[in-house]
Amino acid sequence: MTNTNSSDLNVKDISFLNDIKSVAVIGASKKRDYRFLSSYAELFKGKIYAINPKLKEIPEYDNVEVYPSLLDIPGQVDYVYFTIPAKRVFDVMDHCVEKGVKLASFFTSGFSDIGTAEGRERERELLKRAKNKVRILGPNCLGLHYPKMGLSWTSNYLSVKGNIGFVSQSGGLVNYVMMHTRELGLNISKAFSFGNGADLDFVDILYFLSNDPETEIILCYLEGIKANRGYDLQKVLEQNKKPIIMVKGGRTSPGARATNTHTASISGENKLWSSLFKQYNIIEVESLEQLVHAAYLIEHYGFFNIEKMAVVSASGGYGVILTDLVEKAGIKVPPFSPQVQEKLNSGHVPVGSSSQNPLDLASIMFFVQETYKFLDIALSDENIDGMIMDIPSFYFKMTQFGFMPNFEDGHIETTTLGYKHKKPFIIIVQKHNSPVEQERLMKKLADKNVPFFSDPLHVIPLLPKISKYSRNKKKMDNNS
(Lines give C-alpha, C1' and ligand atoms only; values in the text may rest on other atoms or scores of the structure.)
Protein backbone atom coordinates (compact mmCIF):
# COMPACT_ATOMS: atom_id res chain seq x y z
CA MET A 1 0.00 0.00 0.00
CA THR A 2 2.22 2.80 -1.20
CA ASN A 3 1.43 6.47 -1.51
CA THR A 4 -0.14 7.91 -4.62
CA ASN A 5 2.05 10.62 -6.15
CA SER A 6 0.11 11.36 -9.32
CA SER A 7 0.42 15.03 -10.34
CA ASP A 8 2.59 15.80 -7.32
CA LEU A 9 -0.05 14.53 -4.87
CA ASN A 10 1.27 13.02 -1.66
CA VAL A 11 -1.74 10.96 -0.57
CA LYS A 12 -2.25 7.36 0.47
CA ASP A 13 -4.24 5.02 -1.76
CA ILE A 14 -7.47 3.74 -0.20
CA SER A 15 -9.37 3.09 -3.42
CA PHE A 16 -9.85 -0.51 -2.21
CA LEU A 17 -12.55 0.71 0.21
CA ASN A 18 -15.27 0.25 -2.39
CA ASP A 19 -14.48 -3.47 -2.53
CA ILE A 20 -14.13 -4.66 1.07
CA LYS A 21 -15.37 -8.25 1.28
CA SER A 22 -14.37 -9.38 4.80
CA VAL A 23 -14.01 -7.90 8.27
CA ALA A 24 -12.51 -9.18 11.54
CA VAL A 25 -13.15 -7.70 15.00
CA ILE A 26 -10.20 -8.06 17.37
CA GLY A 27 -11.27 -8.56 20.96
CA ALA A 28 -14.96 -9.40 20.48
CA SER A 29 -16.24 -10.19 23.97
CA LYS A 30 -19.52 -11.24 25.56
CA LYS A 31 -18.57 -9.10 28.58
CA ARG A 32 -19.09 -6.03 26.35
CA ASP A 33 -22.16 -7.51 24.61
CA TYR A 34 -20.06 -8.02 21.47
CA ARG A 35 -19.95 -4.28 20.88
CA PHE A 36 -19.03 -3.42 17.28
CA LEU A 37 -19.15 -7.08 16.25
CA SER A 38 -22.92 -7.03 16.68
CA SER A 39 -23.25 -4.22 14.11
CA TYR A 40 -21.14 -6.01 11.52
CA ALA A 41 -23.01 -9.27 12.17
CA GLU A 42 -26.32 -7.52 11.63
CA LEU A 43 -25.42 -5.42 8.60
CA PHE A 44 -22.27 -6.42 6.73
CA LYS A 45 -22.80 -8.30 3.50
CA GLY A 46 -19.43 -10.09 3.42
CA LYS A 47 -17.50 -12.56 5.61
CA ILE A 48 -17.34 -11.72 9.33
CA TYR A 49 -14.75 -12.99 11.79
CA ALA A 50 -14.31 -12.58 15.54
CA ILE A 51 -10.81 -12.91 17.01
CA ASN A 52 -10.69 -14.05 20.61
CA PRO A 53 -8.58 -17.01 21.84
CA LYS A 54 -11.03 -17.58 24.70
CA LEU A 55 -14.02 -18.18 22.42
CA LYS A 56 -14.89 -21.07 20.13
CA GLU A 57 -18.25 -19.83 18.87
CA ILE A 58 -20.78 -17.04 19.35
CA PRO A 59 -24.28 -18.58 19.40
CA GLU A 60 -25.93 -15.17 19.16
CA TYR A 61 -24.43 -14.62 15.69
CA ASP A 62 -24.38 -17.71 13.54
CA ASN A 63 -22.93 -15.77 10.59
CA VAL A 64 -19.72 -14.99 12.51
CA GLU A 65 -16.74 -17.34 12.40
CA VAL A 66 -14.54 -17.33 15.53
CA TYR A 67 -10.77 -17.84 15.52
CA PRO A 68 -8.05 -17.45 18.15
CA SER A 69 -5.82 -15.45 15.76
CA LEU A 70 -6.00 -13.64 12.42
CA LEU A 71 -3.48 -16.11 11.07
CA ASP A 72 -5.89 -18.98 11.71
CA ILE A 73 -8.46 -17.60 9.28
CA PRO A 74 -8.26 -19.58 6.03
CA GLY A 75 -9.46 -16.81 3.74
CA GLN A 76 -8.60 -13.19 2.96
CA VAL A 77 -9.26 -10.48 5.56
CA ASP A 78 -9.67 -6.97 4.13
CA TYR A 79 -10.65 -4.90 7.17
CA VAL A 80 -9.75 -5.32 10.84
CA TYR A 81 -11.37 -3.48 13.75
CA PHE A 82 -9.32 -3.22 16.95
CA THR A 83 -11.07 -3.06 20.34
CA ILE A 84 -8.23 -4.38 22.55
CA PRO A 85 -5.97 -2.35 24.92
CA ALA A 86 -3.11 -0.37 23.39
CA LYS A 87 -0.37 -2.57 24.87
CA ARG A 88 -1.73 -5.62 23.03
CA VAL A 89 -2.06 -4.22 19.51
CA PHE A 90 1.48 -4.72 18.20
CA ASP A 91 1.53 -8.49 17.75
CA VAL A 92 -1.87 -8.32 16.09
CA MET A 93 -0.60 -5.64 13.71
CA ASP A 94 2.24 -8.01 12.77
CA HIS A 95 -0.42 -10.57 11.95
CA CYS A 96 -2.30 -7.99 9.85
CA VAL A 97 0.80 -7.40 7.75
CA GLU A 98 1.40 -11.13 7.32
CA LYS A 99 -2.25 -11.74 6.46
CA GLY A 100 -2.42 -8.99 3.87
CA VAL A 101 -5.02 -6.87 5.65
CA LYS A 102 -5.76 -3.66 3.75
CA LEU A 103 -7.28 -1.45 6.46
CA ALA A 104 -7.25 -1.43 10.26
CA SER A 105 -9.43 0.84 12.43
CA PHE A 106 -8.46 1.46 16.03
CA PHE A 107 -11.18 2.22 18.54
CA THR A 108 -8.29 1.72 20.97
CA SER A 109 -6.93 4.92 22.54
CA GLY A 110 -3.80 5.51 24.63
CA PHE A 111 -1.47 6.76 21.90
CA SER A 112 -0.61 10.37 21.01
CA ASP A 113 -4.09 11.34 22.17
CA ILE A 114 -3.03 11.04 25.83
CA GLY A 115 -0.33 13.67 25.37
CA THR A 116 2.61 11.71 26.83
CA ALA A 117 5.96 10.65 25.46
CA GLU A 118 4.95 7.03 26.04
CA GLY A 119 1.76 7.48 24.03
CA ARG A 120 3.59 9.14 21.14
CA GLU A 121 6.20 6.39 21.08
CA ARG A 122 3.47 3.77 21.09
CA GLU A 123 1.92 5.42 18.03
CA ARG A 124 5.27 5.50 16.21
CA GLU A 125 5.75 1.82 16.96
CA LEU A 126 2.30 1.02 15.58
CA LEU A 127 3.16 2.74 12.30
CA LYS A 128 6.48 0.93 12.19
CA ARG A 129 4.76 -2.43 12.63
CA ALA A 130 2.27 -1.62 9.83
CA LYS A 131 5.22 -1.27 7.41
CA ASN A 132 3.21 1.03 5.13
CA LYS A 133 1.32 -2.08 4.01
CA VAL A 134 -1.73 -1.80 6.27
CA ARG A 135 -3.57 1.52 6.17
CA ILE A 136 -4.69 2.72 9.60
CA LEU A 137 -7.72 4.76 10.72
CA GLY A 138 -7.01 6.16 14.18
CA PRO A 139 -6.02 5.31 16.79
CA ASN A 140 -8.74 6.77 19.03
CA CYS A 141 -11.51 6.68 16.44
CA LEU A 142 -14.67 4.90 15.32
CA GLY A 143 -13.41 4.12 11.83
CA LEU A 144 -15.39 3.65 8.61
CA HIS A 145 -19.14 3.93 8.10
CA TYR A 146 -20.14 2.61 4.66
CA PRO A 147 -23.91 2.01 4.36
CA LYS A 148 -23.77 0.47 0.88
CA MET A 149 -21.62 -2.38 2.21
CA GLY A 150 -23.24 -2.55 5.65
CA LEU A 151 -19.93 -1.56 7.24
CA SER A 152 -20.38 0.41 10.45
CA TRP A 153 -19.54 0.48 14.12
CA THR A 154 -23.24 0.98 14.87
CA SER A 155 -26.57 -0.14 13.48
CA ASN A 156 -28.42 2.81 15.06
CA TYR A 157 -27.87 5.31 12.27
CA LEU A 158 -27.31 3.17 9.23
CA SER A 159 -29.24 4.67 6.32
CA VAL A 160 -29.56 3.56 2.73
CA LYS A 161 -26.62 4.38 0.51
CA GLY A 162 -26.39 8.07 -0.27
CA ASN A 163 -24.25 10.79 -1.85
CA ILE A 164 -22.94 12.73 1.17
CA GLY A 165 -19.45 12.01 2.47
CA PHE A 166 -18.28 13.04 5.94
CA VAL A 167 -14.79 13.15 7.42
CA SER A 168 -14.25 13.95 11.09
CA GLN A 169 -11.53 13.74 13.69
CA SER A 170 -14.23 13.24 16.33
CA GLY A 171 -16.14 9.97 16.47
CA GLY A 172 -18.92 11.43 18.58
CA LEU A 173 -19.58 14.11 15.97
CA VAL A 174 -19.86 11.47 13.25
CA ASN A 175 -22.62 9.82 15.28
CA TYR A 176 -24.40 13.17 15.63
CA VAL A 177 -24.18 13.96 11.92
CA MET A 178 -25.38 10.50 10.92
CA MET A 179 -28.36 10.83 13.25
CA HIS A 180 -29.24 14.33 12.02
CA THR A 181 -28.89 13.49 8.33
CA ARG A 182 -31.15 10.49 8.78
CA GLU A 183 -33.80 12.66 10.47
CA LEU A 184 -33.75 15.01 7.47
CA GLY A 185 -33.90 12.24 4.88
CA LEU A 186 -30.29 12.70 3.75
CA ASN A 187 -28.14 9.65 3.11
CA ILE A 188 -24.43 9.05 3.65
CA SER A 189 -22.08 7.56 1.05
CA LYS A 190 -19.20 7.10 3.49
CA ALA A 191 -18.27 8.62 6.85
CA PHE A 192 -14.82 8.52 8.41
CA SER A 193 -13.79 9.01 12.03
CA PHE A 194 -9.98 9.11 11.93
CA GLY A 195 -9.06 10.26 15.45
CA ASN A 196 -5.32 10.87 15.86
CA GLY A 197 -4.71 10.43 12.13
CA ALA A 198 -1.45 8.55 12.71
CA ASP A 199 -1.56 7.12 9.17
CA LEU A 200 -4.66 8.07 7.19
CA ASP A 201 -5.36 11.72 7.90
CA PHE A 202 -7.70 14.46 6.75
CA VAL A 203 -5.76 15.06 3.54
CA ASP A 204 -5.84 11.40 2.48
CA ILE A 205 -9.55 10.98 3.20
CA LEU A 206 -10.53 14.27 1.59
CA TYR A 207 -8.68 13.22 -1.56
CA PHE A 208 -10.49 9.89 -1.57
CA LEU A 209 -13.94 11.50 -1.15
CA SER A 210 -13.21 14.14 -3.78
CA ASN A 211 -12.61 11.31 -6.28
CA ASP A 212 -15.20 8.84 -4.95
CA PRO A 213 -17.94 8.27 -7.58
CA GLU A 214 -20.42 7.57 -4.77
CA THR A 215 -19.92 10.98 -3.11
CA GLU A 216 -21.26 14.33 -4.38
CA ILE A 217 -21.15 16.58 -1.29
CA ILE A 218 -18.34 16.52 1.30
CA LEU A 219 -18.88 17.49 4.95
CA CYS A 220 -15.90 18.01 7.26
CA TYR A 221 -15.14 18.53 10.91
CA LEU A 222 -11.46 19.40 11.20
CA GLU A 223 -9.46 20.31 14.26
CA GLY A 224 -6.09 20.58 12.54
CA ILE A 225 -3.48 18.89 10.38
CA LYS A 226 0.12 17.89 10.85
CA ALA A 227 2.65 20.67 10.34
CA ASN A 228 4.05 19.10 7.16
CA ARG A 229 0.71 18.56 5.41
CA GLY A 230 -0.29 22.10 4.45
CA TYR A 231 1.10 21.90 0.92
CA ASP A 232 -0.50 18.48 0.37
CA LEU A 233 -3.87 19.83 1.49
CA GLN A 234 -3.59 22.69 -0.98
CA LYS A 235 -2.86 20.30 -3.84
CA VAL A 236 -5.87 18.15 -2.94
CA LEU A 237 -8.16 21.18 -2.74
CA GLU A 238 -6.80 22.43 -6.06
CA GLN A 239 -8.00 19.32 -7.89
CA ASN A 240 -11.32 19.00 -6.01
CA LYS A 241 -14.53 19.72 -7.97
CA LYS A 242 -17.12 18.95 -5.27
CA PRO A 243 -18.70 21.25 -2.68
CA ILE A 244 -16.88 21.06 0.66
CA ILE A 245 -18.69 22.26 3.77
CA MET A 246 -16.46 22.67 6.79
CA VAL A 247 -16.62 23.20 10.54
CA LYS A 248 -13.14 24.19 11.70
CA GLY A 249 -12.54 23.41 15.37
CA GLY A 250 -9.99 25.32 17.44
CA ARG A 251 -10.77 28.80 16.14
CA THR A 252 -10.30 30.28 19.64
CA SER A 253 -7.35 29.89 22.01
CA PRO A 254 -9.28 27.64 24.45
CA GLY A 255 -10.66 25.67 21.50
CA ALA A 256 -7.14 25.21 20.10
CA ARG A 257 -5.97 23.87 23.47
CA ALA A 258 -8.91 21.45 23.47
CA THR A 259 -8.00 20.09 20.01
CA ASN A 260 -4.51 19.27 21.23
CA THR A 261 -5.99 17.35 24.16
CA HIS A 262 -8.65 15.66 22.02
CA THR A 263 -6.68 14.40 19.02
CA ALA A 264 -3.19 15.89 19.42
CA SER A 265 -3.80 18.13 16.37
CA ILE A 266 -2.22 21.44 15.40
CA SER A 267 -5.17 23.77 14.84
CA GLY A 268 -3.11 26.52 13.17
CA GLU A 269 -3.62 30.25 12.66
CA ASN A 270 -7.10 31.54 11.88
CA LYS A 271 -5.91 33.85 9.10
CA LEU A 272 -4.23 31.01 7.26
CA TRP A 273 -7.32 28.82 7.44
CA SER A 274 -9.62 31.68 6.38
CA SER A 275 -7.36 32.41 3.42
CA LEU A 276 -7.31 28.74 2.44
CA PHE A 277 -11.11 28.44 2.60
CA LYS A 278 -11.52 31.57 0.49
CA GLN A 279 -8.95 30.52 -2.10
CA TYR A 280 -10.50 27.07 -2.64
CA ASN A 281 -14.16 28.06 -2.30
CA ILE A 282 -14.90 26.08 0.85
CA ILE A 283 -18.18 26.77 2.66
CA GLU A 284 -17.21 27.36 6.28
CA VAL A 285 -20.03 27.08 8.82
CA GLU A 286 -20.16 27.57 12.57
CA SER A 287 -21.89 24.47 13.93
CA LEU A 288 -22.81 20.88 13.19
CA GLU A 289 -26.41 21.95 12.66
CA GLN A 290 -25.29 24.38 9.97
CA LEU A 291 -23.03 21.70 8.48
CA VAL A 292 -25.98 19.35 7.95
CA HIS A 293 -28.46 22.09 7.02
CA ALA A 294 -26.15 23.42 4.30
CA ALA A 295 -26.02 19.97 2.71
CA TYR A 296 -29.80 19.74 3.16
CA LEU A 297 -30.34 22.95 1.17
CA ILE A 298 -27.91 22.03 -1.61
CA GLU A 299 -29.38 18.53 -1.89
CA HIS A 300 -32.86 19.99 -2.49
CA TYR A 301 -32.21 23.26 -4.36
CA GLY A 302 -28.76 22.82 -5.87
CA PHE A 303 -26.24 25.66 -6.12
CA PHE A 304 -28.54 28.63 -5.80
CA ASN A 305 -27.63 32.31 -5.71
CA ILE A 306 -29.97 34.41 -3.57
CA GLU A 307 -29.35 38.13 -3.64
CA LYS A 308 -32.97 39.29 -3.41
CA MET A 309 -35.64 37.51 -1.40
CA ALA A 310 -39.37 37.58 -0.81
CA VAL A 311 -40.54 37.29 2.80
CA VAL A 312 -43.97 35.84 3.61
CA SER A 313 -45.58 35.66 7.02
CA ALA A 314 -48.89 34.92 8.68
CA SER A 315 -48.02 37.68 11.15
CA GLY A 316 -46.95 41.23 10.37
CA GLY A 317 -44.58 41.24 13.34
CA TYR A 318 -42.92 37.96 12.43
CA GLY A 319 -42.55 39.24 8.87
CA VAL A 320 -40.63 42.24 10.23
CA ILE A 321 -38.32 39.93 12.18
CA LEU A 322 -37.69 37.72 9.15
CA THR A 323 -37.03 40.77 6.98
CA ASP A 324 -34.47 42.12 9.44
CA LEU A 325 -32.72 38.75 9.66
CA VAL A 326 -32.58 38.40 5.87
CA GLU A 327 -31.25 41.94 5.39
CA LYS A 328 -28.66 41.51 8.16
CA ALA A 329 -27.43 38.42 6.31
CA GLY A 330 -26.69 40.63 3.31
CA ILE A 331 -29.72 39.65 1.23
CA LYS A 332 -32.08 42.35 -0.03
CA VAL A 333 -35.85 42.32 0.49
CA PRO A 334 -36.85 44.60 -2.42
CA PRO A 335 -40.30 45.67 -3.63
CA PHE A 336 -41.94 43.40 -6.16
CA SER A 337 -41.76 44.53 -9.79
CA PRO A 338 -44.64 46.79 -10.93
CA GLN A 339 -46.06 43.98 -13.08
CA VAL A 340 -46.10 41.48 -10.20
CA GLN A 341 -47.43 44.14 -7.84
CA GLU A 342 -50.32 44.76 -10.22
CA LYS A 343 -51.12 41.05 -10.41
CA LEU A 344 -51.08 40.72 -6.63
CA ASN A 345 -53.38 43.73 -6.20
CA SER A 346 -55.79 42.41 -8.83
CA GLY A 347 -56.39 39.46 -6.53
CA HIS A 348 -58.44 41.75 -4.23
CA VAL A 349 -56.16 41.72 -1.22
CA PRO A 350 -58.34 41.57 1.92
CA VAL A 351 -58.14 44.27 4.55
CA GLY A 352 -55.41 43.36 7.01
CA SER A 353 -53.15 41.72 4.43
CA SER A 354 -50.45 43.22 2.26
CA SER A 355 -49.25 42.70 -1.29
CA GLN A 356 -45.92 44.36 -0.53
CA ASN A 357 -42.64 42.57 0.15
CA PRO A 358 -42.71 41.33 2.88
CA LEU A 359 -46.08 39.74 2.21
CA ASP A 360 -48.45 39.72 5.18
CA LEU A 361 -50.99 36.97 4.56
CA ALA A 362 -52.67 36.98 7.95
CA SER A 363 -56.14 37.62 6.50
CA ILE A 364 -55.99 35.03 3.71
CA MET A 365 -54.11 32.16 5.35
CA PHE A 366 -57.34 30.22 5.69
CA PHE A 367 -58.15 30.65 2.01
CA VAL A 368 -55.86 28.04 0.58
CA GLN A 369 -56.37 28.66 -3.15
CA GLU A 370 -55.86 32.40 -2.76
CA THR A 371 -52.67 31.83 -0.78
CA TYR A 372 -51.36 29.49 -3.47
CA LYS A 373 -52.12 32.05 -6.22
CA PHE A 374 -50.46 34.88 -4.29
CA LEU A 375 -47.25 32.99 -3.69
CA ASP A 376 -47.21 31.61 -7.22
CA ILE A 377 -47.33 35.17 -8.54
CA ALA A 378 -44.74 36.44 -6.06
CA LEU A 379 -42.26 33.69 -6.96
CA SER A 380 -42.70 34.46 -10.67
CA ASP A 381 -41.05 37.86 -10.12
CA GLU A 382 -37.73 37.86 -11.99
CA ASN A 383 -36.47 40.33 -9.39
CA ILE A 384 -36.78 37.67 -6.66
CA ASP A 385 -34.29 34.80 -6.25
CA GLY A 386 -36.05 32.93 -3.45
CA MET A 387 -38.67 33.06 -0.73
CA ILE A 388 -38.87 32.42 3.00
CA MET A 389 -42.18 31.79 4.75
CA ASP A 390 -43.18 31.04 8.32
CA ILE A 391 -45.98 28.56 9.02
CA PRO A 392 -47.26 28.78 12.62
CA SER A 393 -48.08 25.23 13.64
CA PHE A 394 -50.91 26.36 15.91
CA TYR A 395 -52.86 27.50 12.84
CA PHE A 396 -53.20 23.86 11.91
CA LYS A 397 -54.58 23.04 15.31
CA MET A 398 -57.47 25.41 14.57
CA THR A 399 -58.74 23.23 11.73
CA GLN A 400 -60.62 21.15 14.28
CA PHE A 401 -62.91 24.15 14.81
CA GLY A 402 -64.49 24.03 11.39
CA PHE A 403 -62.06 25.41 8.84
CA MET A 404 -62.00 23.93 5.34
CA PRO A 405 -60.91 20.26 5.23
CA ASN A 406 -58.16 20.75 2.63
CA PHE A 407 -56.51 23.54 4.64
CA GLU A 408 -53.48 21.57 5.76
CA ASP A 409 -52.81 19.58 2.58
CA GLY A 410 -53.45 22.70 0.49
CA HIS A 411 -50.78 24.66 2.28
CA ILE A 412 -48.38 21.73 2.06
CA GLU A 413 -48.90 21.75 -1.71
CA THR A 414 -48.18 25.50 -1.75
CA THR A 415 -44.73 24.88 -0.28
CA THR A 416 -43.73 22.94 -3.42
CA LEU A 417 -43.91 26.13 -5.52
CA GLY A 418 -40.16 26.56 -5.17
CA TYR A 419 -39.64 23.61 -7.47
CA LYS A 420 -42.08 25.01 -10.02
CA HIS A 421 -40.18 28.29 -10.21
CA LYS A 422 -36.72 26.73 -9.65
CA LYS A 423 -36.10 28.98 -6.67
CA PRO A 424 -35.43 28.05 -3.04
CA PHE A 425 -38.63 28.27 -0.97
CA ILE A 426 -37.55 28.15 2.67
CA ILE A 427 -40.20 27.00 5.15
CA ILE A 428 -40.08 27.84 8.86
CA VAL A 429 -42.47 25.68 10.89
CA GLN A 430 -42.97 27.48 14.18
CA LYS A 431 -43.44 25.19 17.14
CA HIS A 432 -45.07 27.43 19.74
CA ASN A 433 -47.47 25.35 21.82
CA SER A 434 -48.31 22.83 19.11
CA PRO A 435 -45.49 20.27 18.94
CA VAL A 436 -47.85 17.56 17.68
CA GLU A 437 -48.91 19.73 14.74
CA GLN A 438 -45.30 20.69 14.04
CA GLU A 439 -44.23 17.05 13.87
CA ARG A 440 -47.14 16.17 11.58
CA LEU A 441 -46.43 19.12 9.26
CA MET A 442 -42.75 18.31 9.08
CA LYS A 443 -43.55 14.73 8.12
CA LYS A 444 -45.79 15.93 5.30
CA LEU A 445 -43.18 18.44 4.11
CA ALA A 446 -40.56 15.70 4.09
CA ASP A 447 -42.88 13.50 2.02
CA LYS A 448 -43.10 16.36 -0.50
CA ASN A 449 -39.30 16.73 -0.48
CA VAL A 450 -39.59 20.30 0.83
CA PRO A 451 -36.81 21.54 3.18
CA PHE A 452 -38.09 22.93 6.48
CA PHE A 453 -36.62 24.46 9.62
CA SER A 454 -37.92 25.22 13.10
CA ASP A 455 -35.95 28.44 13.53
CA PRO A 456 -34.96 31.05 10.91
CA LEU A 457 -31.49 31.28 12.47
CA HIS A 458 -30.92 27.65 11.45
CA VAL A 459 -31.09 28.59 7.79
CA ILE A 460 -30.81 32.32 7.00
CA PRO A 461 -27.05 32.57 7.80
CA LEU A 462 -26.44 29.74 5.32
CA LEU A 463 -28.11 31.43 2.34
CA PRO A 464 -25.30 33.95 1.65
CA LYS A 465 -22.64 31.27 2.25
CA ILE A 466 -24.13 28.92 -0.35
CA SER A 467 -24.83 31.81 -2.72
CA LYS A 468 -21.20 32.96 -2.50
CA TYR A 469 -20.04 29.40 -3.20
CA SER A 470 -22.33 29.23 -6.26
CA ARG A 471 -21.08 32.53 -7.67
CA ASN A 472 -17.45 31.54 -7.18
CA LYS A 473 -18.07 28.11 -8.68
CA LYS A 474 -19.63 29.67 -11.76
CA LYS A 475 -16.60 31.95 -12.22
CA MET A 476 -14.17 29.08 -11.75
CA ASP A 477 -16.09 26.88 -14.20
CA ASN A 478 -16.08 29.69 -16.78
CA ASN A 479 -12.33 30.18 -16.39
CA SER A 480 -11.44 26.49 -16.61
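If you check A310, A362, A314, which single one turns out to be more than 30 Å from I188 (Cβ to Cβ), of a type in the set (A, V, I, L, M) and at pLDDT 95 or above?
It is A310.
Taking the stated definitions as given, is I331 without any contact (Cβ under 8 Å) to a residue 24 or more places away in the chain and either touching a Cys at 6+ places or on another chain (Cβ under 7 Å) or of a type in the set (A, V, I, L, M) (or both)?
Here the answer is no, as I331 does not meet what is asked.
Restricting attention to the range 193-207, does a residue exist that is crowded, with 17+ Cβ neighbours inside 10 Å, among the small types (G, A, S), under 12 Å from the mean Cα position of the chain (by Cα) and under 19 Å from L137 (Cβ atoms)?
No, because not a single residue in the range 193-207 is crowded, with 17+ Cβ neighbours inside 10 Å, among the small types (G, A, S), under 12 Å from the mean Cα position of the chain (by Cα) and under 19 Å from L137 (Cβ atoms).
Across the range 92-128, what is the total count of residues that are closer than 25 Å to G75 by Cβ and either among the small types (G, A, S) or outside the structural domain of D199 (by TED's automatic domain parsing) (or both)?
Here the count works out to 3.
Based on what the data block shows, is F82 in the same structural domain as N18 (by TED's automatic domain parsing), in contact (Cβ under 8 Å) with a residue 60 or more places away in the chain and buried (at least 18 other Cβ atoms within 10 Å of the Cβ)?
no
Out of the residues in the range 175-209 meeting the condition of being among the hydroxyl-bearing types (S, T, Y) and in contact with a strand residue (DSSP E or B) (Cβ under 7 Å, 6 or more places away or on another chain), tell me which one is farthest from S155 (Cα to Cα).
By that ranking, first place goes to Y207.
Give the residue, chosen from K131, K148, K161, that is in the same structural domain as K21 (by TED's automatic domain parsing), without any contact (Cβ under 8 Å) to a residue 40 or more places away in the chain and of a type outside the set (V, I, T).
From the options K131, K148, K161, the qualifying one is K131.
Say whether the condition of being under 29 Å from E42 (Cβ atoms), in contact with an Asp or Glu (Cβ under 7 Å, 6 or more places away or on another chain) and among the basic types (K, R) is met by at least one residue in the range 117-130.
Checked against the condition, which is being under 29 Å from E42 (Cβ atoms), in contact with an Asp or Glu (Cβ under 7 Å, 6 or more places away or on another chain) and among the basic types (K, R), the range 117-130 yields no hits at all.
Could you say which residue among I20, I14, I26 is more than 28 Å from the chain's Cα centre (by Cα), surrounded by 13 or more Cβ atoms within 10 Å (Cβ to Cβ) and among the β-branched types (V, I, T)?
I26
Any idea which residue in the range 413-453 is farthest from I377 (Cα to Cα), counting only those that are polar (S, T, N, Q) and surrounded by 15 or more Cβ atoms within 10 Å (Cβ to Cβ)?
S434
Give, as residue ranges, the helices (runs of 4 or more DSSP H) completely inside the range 375-480 that count at least 1 residues that are of a type in the set (F, W, Y) and either modelled with pLDDT under 85 or under 20 Å from E183 (Cα atoms) (or both).
Once the helices (runs of 4 or more DSSP H) in the range 375-480 are filtered for at least 1 residues that are of a type in the set (F, W, Y) and either modelled with pLDDT under 85 or under 20 Å from E183 (Cα atoms) (or both), what remains is 407-414.
For V333, indicate whether it is modelled with pLDDT of 85 or more and either of a type in the set (V, I, T) or not assigned by TED's automatic domain parsing to the domain that holds M309 (or both).
Criteria met by V333.
Out of L322, L291, which single residue is outside any strand (DSSP E or B), at pLDDT 95 or above, under 29 Å from the mean Cα position of the chain (by Cα) and not assigned by TED's automatic domain parsing to the domain that holds T181?
Result of the check over L322, L291: L322.
Inspect the range 48-55 for any residue being within 21 Å of S189 (Cα to Cα), touching a residue at least 12 places away in the same chain (Cβ under 8 Å), buried (at least 17 other Cβ atoms within 10 Å of the Cβ) and aromatic (F, W, Y) and give the result as yes or no.
Checking the range 48-55: not a single residue is within 21 Å of S189 (Cα to Cα), touching a residue at least 12 places away in the same chain (Cβ under 8 Å), buried (at least 17 other Cβ atoms within 10 Å of the Cβ) and aromatic (F, W, Y).
The values are calculated or read from the model by the stated rules, or taken from the named source; none is laboratory data. Since the structure is predicted, the reported quantities are computational estimates derived from the model, not experimental observations. Virtual Cβ from ideal backbone geometry, glycine too; neighbours counted across all protein chains shown.
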